[in-house]
1. Enumerate the aspartates and glutamates that residue 108 could reach by cross-link, defined here as Cα to Cα under 13 Å, with residues fewer than 8 away along the same chain left out.
2. How would 48, 149, 26, 42 line up from fewest to most surrounding beta-carbon atoms within 10 angstrom?
3. Given a cut-off of 24 Å, what percent of all Cα-Cα pairs of region 17-149 lie beyond it?
4. In terms of modelled amide H atoms, which long-range or inter-chain residues lie less than 5 Å from the amide H of residue 25?
5. Exposure proxy check: 95, 144, 129 ranked by fewest other beta carbons within 10 Å?
6. How much length is gained on full extension from residue 61 to residue 133, taking 0.36 nm per residue of separation minus their Cα-Cα distance?
Amino acid sequence: MKKLIAAATLGLAAATFAPTAAVAADPVHTGLFNNVAVGGYDAVSFFDGEGVEGAEEFSTTYDGAEFHFASAENLARFEEDPERFAPQYGGYCAWAISQGKLAPGRPKHANIVGGKLYLNFNGSVERRWLKDTDGFIAAADDQWPEILD
């Protein structure tokens, strides 16, 4: 039921991007009709430059979600240290989390900051977030434990 409520909330937020007050979130944001994290993109690839789509043949489960990778090498790197490569705030929109809200993060709006992967909802939100990443990260770090509860 929790996943259904979160999915409905995410669908509404995606349709209007009026982020909703956070309901207890699943630890990792996945698609509405699948259990794939990071929109199917290879989380490790963002650390090597531009993110690329992963393949189901190179996949693993972490925090209850399926992560796809573009190569066996990237899969191995992730499995060696998943906390290093997994997106912050479970792949939800970093800016929305900083506001105490819940919205999906999109791999097309990914940034590496301080050696960590952050996703945002869209270009407009990403531009806002990039103006004060340190401040928004600090706020999101404070909000994230409450959103998970």
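Every read-out reported here was derived from the displayed coordinates using simple, explicitly stated rules and does not represent laboratory data. Just so we're clear, the structure is a prediction, and the values are computed from it rather than from any experiment. Glycine gets a Cβ as well: all are built from the backbone with ideal geometry, and neighbour counts include every protein chain shown.
1. By straight Cα distance, residue 108 reaches 42, 50, 53, 126.
2. Neighbour counts put them in this order, fewest first: 149, 48, 26, 42.
3. Numbers: 1931 of 8778 pairs.
The share of Cα pairs beyond 24 Å in region 17-149 comes to 22 percent.
4. Residues meeting the amide H criterion: 148, 149.
5. On the way: 95 30, 144 19, 129 25.
Ranking 95, 144, 129 by Cβ neighbours within 10 Å, fewest first, gives 144, 129, 95.
6. Numbers: separation 72, 0.36 × 72 = 25.92 nm, distance 2.89 nm.
Stretched fully, the residue 61-residue 133 segment lengthens by 23.0 nm.
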